[in-house]
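The values are calculated or read from the model by the stated rules, or taken from the named source; none is laboratory data. Just so it is clear, the model here is predicted, and its values are computed rather than measured. Note: ideal-geometry Cβ built from the backbone for every residue, glycine included; neighbour counts use all protein chains shown. We work out accessible area using only protein heavy atoms, side chains counted, and drop any ligands, DNA or RNA first. Shrake-Rupley method; radii C 1.70, N 1.55, O 1.52, S 1.80 Å.
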Amino acid sequence: MSKTTIRIPTPLRNLTAGAGFVEVDAGTVGEALTLLERRHEGILQRVLDEHGRLRGFVNVFVGERNIQALGGLDAGLEEGAVISIVPAVAGGTR
Amino acid sequence: MSASQKRLAALRESVGEVDPLEALELQQRGARLIDVREPDEVAAGSPEGALRIVRGFLELRIEQAVADTETPLLVLCAGGARSLFAADDLERLGYTDVRSVAGGFREWKNAGLPVEVPRTLDAEQRERYGRHLSVPEVGEEGQLRLLDSKVLLIGAGGLGSPTALYLAAAGVGTLGIVDDDVVDRSNLQRQILHTDARVGRSKVASARETLLALNPSLDVRGHETRLDRHNVEEVFGGYDVIVDGTDNFPTRYLINDACVKLQKPNVHGSIFRFEGQVTVFWPSREADPGPCYRCLYPEPPPAELAPSCADAGVLGVLPGVIGVMQAVETIKLLLGIGEPLVGKLLQYDALQAEFYSLRVERDPGCAYCGSEHFPGYVDYAQSCAAPVAVP
Ligand SMILES: [Zn+2]
């Protein structure tokens, strides 16, 4: 179990009552996201599809590395790790 | 004999001279010929292939131009006097093989040796870009390169406004702007290219007016059209760098796919409320190619999962931060200096006052940049009746 901070992107903050960061104790990225869902119901379906796989328009990073390069949802977490959820954002505002 | 004549005679002994023909032969064998005359003298002609460093800045700029102190150097001025003093200074700096060209440019020309008229900045440009000229990484050569560059901005909106203003100020010679919209009063909270008096007018025309008021010598080309699969390649054709400041997923994927196909760097910025991100997608980069947008996000989100239109909105200053960073990256690409933001997504969280960067890897299986065969353009439906952020 490692103390981990999950960075919530602005477009998903309506699902965390506005919180930009959520702290969990987890061993892997998958566990951390499950705990996040337990705390803020409905957020996980924005990140994972119905088969539990990462959606194509969302990336998850641990530190500065994409979890795709770290073993996906099984990627392990070290104490103090920061997970960033980064969805595609179109906005440029014409 | 005057003091300066005595000194020159001594330098002729200690430094050594070569005649112009000898200098040309040495130049062809790898010696660097340095023309130390003033810009107005050089403007009328200078030996072909010479380095041109004005005498007053010689000691300050020579190391940047010739790093190896063992490189043979040949110094040339108008008649062969100033070059003796200059050669002496170069020896004191540690250059081991320095000689002065006897008779200078006058004798070089009389001997019928190759001369070129170098492109130089005119007096007005010298004044306007003076602060660039003092930066060794830009200098006259870099400024000329910016003036020759062609950059296309997609969107004359929140991101495009600051990008366009700074690129115009920097002297990027040709700026193309794609937008089919008209100025709305609600744009003015962030779109600083436009003015209240121009509400209802075409954004491209308004942008053009602002940019030419700032820098009248630029070529500002308006593309008053909506990009689609039929016109995208024609519009992108002549430009060196594409700057994506658009507001919707279908256009972002279209820009990406065209940039991959046409091998152009894509300077990408996007914003949402208090957050922004910027990166450079450049899979065709020769050294160390980077990812494309689809390596990061293979497909756009379906309508029901895209951030809802009701959530839209942005702090007006935020596109300023991100758009200016896009301008910085564009200028770095044009000058070929520094480390471009390739393979790195720079995130800015205004509320936390935090920048952090994420590594973006190239996907070898990417259907666009990872394949020899271009899969074609895709027409995505707008994921939101109005764009995701405030139109
Ligand atoms: Zn790709």
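Overview of values
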{"item": "Residue in the range B:183-206 that is open to solvent by 10 Å² or more (accessible area, probe 1.4 Å) and within 22 Å of B:C369 (Cβ to Cβ) present", "result": "no"}
{"item": "Subset of the range B:365-391 (residues that are away from the ligand (no atom under 12 Å from the Cβ), within 14 Å of chain A (Cβ to nearest Cβ) and at pLDDT 65 or above)", "result": "B:V378, B:Y380, B:A381, B:Q382"}
{"item": "Selected residue (only one of A:R39, A:R65 is free of Cβ contacts under 8 Å to residues at least 12 places away in the same chain and of a type in the set (D, E, K, R))", "result": "A:R65"}
{"item": "Check on B:T96, among the β-branched types (V, I, T), over 30 Å from B:L214 (Cβ atoms) and either part of a helix (DSSP H, G or I) or open to solvent by 50 Å² or more (accessible area, probe 1.4 Å) (or both)", "result": "yes"}
{"item": "Residue within the range B:32-40 that is modelled with pLDDT of 95 or more and open to solvent by 70 Å² or more (accessible area, probe 1.4 Å) present", "result": "yes"}
{"item": "Complete set of residues in the range A:2-21 that are free of Cβ contacts under 8 Å to residues at least 40 places away in the same chain and more than 14 Å from chain B (Cβ to nearest Cβ)", "result": "A:A17"}
{"item": "Residues being basic (K, R), within 10 Å of the ligand (Cβ to nearest atom) and not in a helix (DSSP H, G or I) - total across the range B:276-298", "result": "0"}
{"item": "Positions within the range B:263-274 being at the interface with chain A (Cβ under 10 Å from one of its Cβ atoms) and under 19 Å from B:V328 (Cβ atoms), in sequence order", "result": "B:H268, B:G269, B:S270, B:I271"}
{"item": "In the range B:244-262, the residues that are over 17 Å from B:I177 (Cα atoms) and facing another protein chain (nearest Cβ under 8 Å)", "result": "B:F249"}
{"item": "Residue list for the range A:71-94, filter: touching a residue at least 12 places away in the same chain (Cβ under 8 Å) and either surrounded by 18 or more Cβ atoms within 10 Å (Cβ to Cβ) or of a type in the set (F, W, Y) (or both)", "result": "A:L73, A:A75, A:L77, A:A81, A:I83, A:S84, A:I85, A:V86, A:P87, A:A88, A:V89"}
{"item": "Single residue of B:L345, B:L351 found to be away from the ligand (no atom under 15 Å from the Cβ), touching a residue at least 60 places away in the same chain (Cβ under 8 Å) and assigned by TED's automatic domain parsing to the domain that holds B:N187", "result": "B:L351"}
{"item": "B:P340 vs. criteria at the interface with chain A (Cβ under 9 Å from one of its Cβ atoms) and either on the phi > 0 side of the Ramachandran plot or out of contact with any Pro (no Cβ under 6 Å at 6 or more places or on another chain) (or both)", "result": "no"}
{"item": "Selection from the range B:236-279 of residues that are among the aliphatic types (A, V, I, L, M) and within 19 Å of B:T330 (Cα to Cα)", "result": "B:V241, B:I242, B:V243, B:I255, B:A258, B:V260, B:L262, B:V267, B:I271, B:V278"}
{"item": "Selected residue [at pLDDT 95 or above, at positive phi, touching a strand residue (DSSP E or B) at 6+ places or on another chain (Cβ under 9 Å) and not hydroxyl-bearing (S, T, Y)] from B:G222, B:G200, B:G160, B:G173", "result": "B:G200"}
{"item": "Any hit, the range B:126-149, residues being closer than 30 Å to B:R201 by Cβ, hydrophobic (A, V, I, L, M, F, W, C) and at pLDDT 95 or above", "result": "yes"}
{"item": "Every residue from the range B:275-303 that is open to solvent by less than 10 Å² (accessible area, probe 1.4 Å), touching a helix residue (DSSP H, G or I) at 6+ places or on another chain (Cβ under 8 Å) and more than 12 Å from chain A (Cβ to nearest Cβ)", "result": "B:V280, B:F281, B:C292"}
{"item": "Count of the range B:99-134 residues which are closer than 18 Å to B:P47 by Cα and either open to solvent by 80 Å² or more (accessible area, probe 1.4 Å) or of a type in the set (S, T, N, Q) (or both)", "result": "7"}
{"item": "Filter result for A:R38 (away from every other protein chain (no Cβ under 14 Å), in a helix (DSSP H, G or I) and surrounded by fewer than 21 Cβ atoms within 10 Å (Cβ to Cβ))", "result": "yes"}
{"item": "Number of the exception - B:F272 against (1) without any contact (Cβ under 8 Å) to a residue 24 or more places away in the chain; (2) over 30 Å from B:E124 (Cβ atoms)", "result": "(1)"}
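Each row is one residue, and each column tells you yes or no for (1) surrounded by fewer than 24 Cβ atoms within 10 Å (Cβ to Cβ); (2) over 19 Å from B:P265 (Cα atoms); (3) over 12 Å from the mean Cα position of the chain (by Cα).
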residue: B:V138; (1), (2), (3): yes, yes, no
residue: B:D148; (1), (2), (3): yes, no, no
residue: B:L152; (1), (2), (3): yes, no, yes
residue: B:G157; (1), (2), (3): no, yes, yes
residue: B:G160; (1), (2), (3): no, no, yes
residue: B:V172; (1), (2), (3): no, no, no
residue: B:V178; (1), (2), (3): no, no, yes
residue: B:D181; (1), (2), (3): yes, yes, yes
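The rows are residues; the columns are (1) more than 28 Å from the chain's Cα centre (by Cα); (2) of a type outside the set (D, E, K, R); (3) over 20 Å from B:L24 (Cβ atoms).
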residue	(1), (2), (3)
B:I62	no, yes, yes
B:A67	no, yes, yes
B:P72	yes, yes, no
B:L121	no, yes, yes
B:E127	no, no, yes
